[in-house]
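Comments concern the structure below.
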Amino acid sequence: MRHAIEGDYRRYEQRQLAALLVEGSRHATHFDALLAIFKVWQERRRMRREMLRDLETMTETTLEDAGYTRREAEREARKPFWRA
């Protein structure tokens with residue numbers, strides 16, 4: 001069974017995530033900022049699990065269109081969620 005590529009496999013730099021958190025938490029408490037971090041981690045975990053699942057059915061052309069080699073995609077999918 002083939003899986004459709006779902007989700008957005010965006011790559012964020014650490015400074016981009018920090019800017020998003022600062023922008024979103026200007027009027028927020030520290031607790032809200034912590035929740036935002038957990039949401040980012042949860043989204044990374046979800047995306048990486050989907051990438052790992054989808055890698056089984058992805059062709060080299062599909063990976064190339066996404067900007068990855070198979071080796072890079074596997075490395076990205078196996079990274080811990082707390083790493084950018």
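Every number here is computed from the coordinates shown, using simple stated rules; none is lab data. Note that the structure is a prediction, hence the values are computed from the model and not measured. Backbone-built Cβ (ideal geometry, glycine too); neighbour counts: all protein chains shown.
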### Task
About the Cα centre of region 14-78, how large is the charge dipole given +1 on each Lys and Arg Cβ and -1 on each Asp and Glu Cβ? Please answer in debye to the nearest 20.
360 debye
## Note on the structure
Given Cβ charges of +1 for Lys and Arg and -1 for Asp and Glu, the option among 59, 34, 69 whose Cα lies farthest towards the positive end of the dipole of region 14-78 is 34
